[in-house]
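Right, one structure below, let's go through it.
The values are calculated or read from the model by the stated rules, or taken from the named source; none is laboratory data. Just so it is clear, the structure is predicted and the values come from calculations on it, not from any experiment. All Cβ positions, even for glycine, are placed from backbone atoms using ideal geometry, and neighbour counts span all protein chains on display.
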Amino acid sequence: MAPKVSILIPTYRRPEALAECLGAIAAQDYRDFECIVVNDGGPPVDAALAKHPQLPVRLVNLPQNAGHAAARNEGLRLARGELIALCDDDDLWLPGHLGSLVAAAEAGADLAYTDAELVVLRWTPRGRVPLRRELFAFAFDFDPQLLRRWNTIVPSSALYRRALHDELGLFDVTVRDYWDWDWWLRAAPGRRVRRIPEASVLVAVDEAGANASADPARMAPFLERLVRKHDLGPLPVSNFLRMLSEPELRPALRPSARPWDGVRLPGG
């Protein structure tokens, strides 16, 4: 019997983070899922997977690095679940995260997402430890007009119906870094979208800033491609961390439950 949820986890050269990510997934109370790990041209990840033998994992090894969207598309081609959940290999789900998303889908949502916390982490010999958490959770109501200006949904917070890909196609590899924003702009119009006001996913920001960088020279051509595709108008190159300090966005931030204690990372 096919699982209800397929969790797509692309990974590239972060085996220790992947092991923690899988540990957090293993701690979920909702169990009707499969994990599809796509090794995007990096070294073997078998050791990371072996730390969680209880997880139903299907591993795809790509011969070379294909990028965010292409790696997820490879996972989609294998997905058997009627629901798709996204998780980056260095992000962490808190207990209950997946169950709340599935409940939203069972209540009629085509696309559901939770709030998120952005957490600055440092690597130690015993794994990652939190250095600081952002004062505000990444918490925005679904607003179609706001979504045309800012990417207000974190990929690792989202779950949606697999049938949307049957209708709309795969992720667009031509927009590179903006594959997720492009997908929300394609998938949300005319659908039932639900926000769950609880920050049940921790979005990892490496202490060195590797996961929070915005390189305008590299990213601008792909942002321009996204703008042309959706007729969005001029947009700044940004990222989730910088968005929390944007004056334009501060009024749009919403209250959010924050279940994480700020000390112990799930999956560690």
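Considering only residues that are of a type in the set (A, V, I, L, M) and in a strand (DSSP E or B), look in the range 93-122 and name the one that is surrounded by the fewest Cβ atoms within 10 Å (Cβ to Cβ).
Checking each candidate, the answer is Val120.
Return only the number of the condition from (1) out of contact with any Ser or Thr (no Cβ under 8 Å at 6 or more places or on another chain); (2) over 26 Å from Gly67 (Cβ atoms); (3) of a type in the set (Gly, Ala, Ser) that Ser156 does not satisfy.
Of (1) out of contact with any Ser or Thr (no Cβ under 8 Å at 6 or more places or on another chain); (2) over 26 Å from Gly67 (Cβ atoms); (3) of a type in the set (Gly, Ala, Ser), only one is false for Ser156: (2).
So, in the range 71-92, of the ones that are aliphatic (A, V, I, L, M) and surrounded by 20 or more Cβ atoms within 10 Å (Cβ to Cβ), which residue ends up nearest to Val129 (Cα to Cα)?
The residue in question is Leu92.
Suppose the filter is more than 30 Å from Pro130 (Cα to Cα) and of a type in the set (Val, Ile, Thr); does Val205 pass it?
No, not satisfied.
Quick one: count up the residues across the range 228-249 that are loosely packed, with under 13 Cβ neighbours inside 10 Å, free of Cβ contacts under 8 Å to residues at least 60 places away in the same chain and charged (D, E, K, R).
Going through the range 228-249 one residue at a time, the tally reaches 2.
One residue is enough: does the range 203-215 have a residue meeting the conditions among the β-branched types (Val, Ile, Thr) and either within 23 Å of Asp141 (Cβ to Cβ) or within 16 Å of the chain's Cα centre (by Cα) (or both)? Spell out the reasoning first.
Just the residues of the range 203-215 that are among the β-branched types (Val, Ile, Thr), to begin with: 203, 205.
From the residues that got through so far, the ones that are either within 23 Å of Asp141 (Cβ to Cβ) or within 16 Å of the chain's Cα centre (by Cα) (or both) too are 203, 205.
Yes.
Against the condition under 18 Å from the mean Cα position of the chain (by Cα) and among the hydrophobic types (A, V, I, L, M, F, W, C), how does Ala139 come out, does it pass?
So Ala139 fits the description; yes.
When residues of the range 61-119 are filtered for being touching a residue at least 24 places away in the same chain (Cβ under 8 Å) and of a type in the set (S, T, N, Q), how many remain?
Residues meeting the conditions: 4.
Go through (1) over 19 Å from the mean Cα position of the chain (by Cα); (2) small (Gly, Ala, Ser); (3) more than 22 Å from Asp177 (Cβ to Cβ) for Gly41 and report which single condition fails.
Of (1) over 19 Å from the mean Cα position of the chain (by Cα); (2) small (Gly, Ala, Ser); (3) more than 22 Å from Asp177 (Cβ to Cβ), only one is false for Gly41: (3).
Going by the conditions given, is Arg225 in contact with a strand residue (DSSP E or B) (Cβ under 9 Å, 6 or more places away or on another chain), surrounded by 15 or more Cβ atoms within 10 Å (Cβ to Cβ), farther than 13 Å from Thr152 by Cβ and not aliphatic (A, V, I, L, M)?
Here the answer is no, as Arg225 does not meet what is asked.
Return the residues of the range 123-145 that are part of a strand (DSSP E or B) and polar (S, T, N, Q); say none if nothing qualifies.
Within the range 123-145, the first condition is being part of a strand (DSSP E or B), and the residues that meet it are 123-124, 127-133, 138, 140.
Result: Thr124, single match.
What residue, among those in the range 154-173 that are of a type in the set (Ser, Thr, Tyr) and in a helix (DSSP H, G or I), is nearest to Ala116 (Cα to Cα)?
Per the stated criteria, the residue is Ser157.
What number goes with the only condition from (1) crowded, with 21+ Cβ neighbours inside 10 Å; (2) in contact with a strand residue (DSSP E or B) (Cβ under 8 Å, 6 or more places away or on another chain); (3) of a type outside the set (Asp, Glu) that Phe142 does not pass?
The number of the failed condition is (1).
Table: residues versus (1) hydroxyl-bearing (Ser, Thr, Tyr); (2) more than 29 Å from Ala2 (Cα to Cα); (3) surrounded by fewer than 18 Cβ atoms within 10 Å (Cβ to Cβ); (4) at pLDDT below 95.
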position	(1), (2), (3), (4)
His165	no, no, no, no
Asp172	no, no, no, no
Asp182	no, no, no, no
Pro189	no, no, yes, no
Val193	no, no, no, no
Ser200	yes, no, no, no
Ala204	no, yes, no, yes
Ser213	yes, yes, yes, yes
Pro216	no, yes, yes, yes
